[in-house]
Amino acid sequence: MPVTYQLHKLSSEDLANSMDELVELYRPAFSEPPWQETPEELARYADRLSLQLDTYPGITGVGAKLDGRLVGVVYGWPAMAEFPDTPFYDSLKAAIPAEARQQLLAPALEIVQLMVGDAHRGNGIGRLLLEVYTDGWPKAWLCTHPKAPARRLYDRAGWQAIGEFLSDRDVPRVVYTKAPS
């Protein structure tokens, strides 16, 4: 019998209230290769998300629940008209050709995080979360590690890699975009 996930739109308040569950999803996903975050980096995730919730207007997401428990989530925010003046965006701008940068600016959706619990990977929940979250947006984009297993999902779902760069934390990244469907 197929598993039935309940999808829920998440406001910034919902994300803040789900912090413990988000941390539970984050730790195993980012402690493994290729990310291999240290225990200190993993411990800072909740602080980074709190800062994002305070900094970026319009942060929202979609969560997948099974038996009332969050087993997958995608979240991000509307891209700005210009890139913020931060080390991450400075690295991104330097690596992406000028003609491709417009794909990453408003009216685009910037996807910051996609996480699916280990026991639920391979069931199509990541793809479903991306489809539901990006529905209605003229364009969307995200960054991932060049060796991340999720790249197979992005490639199969029709996302296109448009460039690679070394992030402000010296982590290699690939930029993927999704054109309107």
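Any residue that is within 23 Å of Tyr56 (Cα to Cα) and within 14 Å of the chain's Cα centre (by Cα) - is there at least one of those in the stretch 120-128? No, there is no match, as no residue in the stretch 120-128 is within 23 Å of Tyr56 (Cα to Cα) and within 14 Å of the chain's Cα centre (by Cα).
Just one of the listed residues (Trp141, Trp159) is at pLDDT 95 or above, over 15 Å from Ala29 (Cα atoms) and either of a type in the set (Val, Ile, Thr) or in contact with a helix residue (DSSP H, G or I) (Cβ under 7 Å, 6 or more places away or on another chain) (or both), namely Trp141.
For the stretch 128-174, a residue qualifies if it is of a type in the set (Lys, Arg) and surrounded by 15 or more Cβ atoms within 10 Å (Cβ to Cβ), and the qualifying residues are Lys139, Arg151, Arg173.
The values are calculated or read from the model by the stated rules, or taken from the named source; none is laboratory data. As the structure is a prediction and not an experimental result, all values here were calculated from the model. Reconstructed Cβ throughout: ideal geometry from the backbone, glycine too, with neighbour counts over all protein chains shown.
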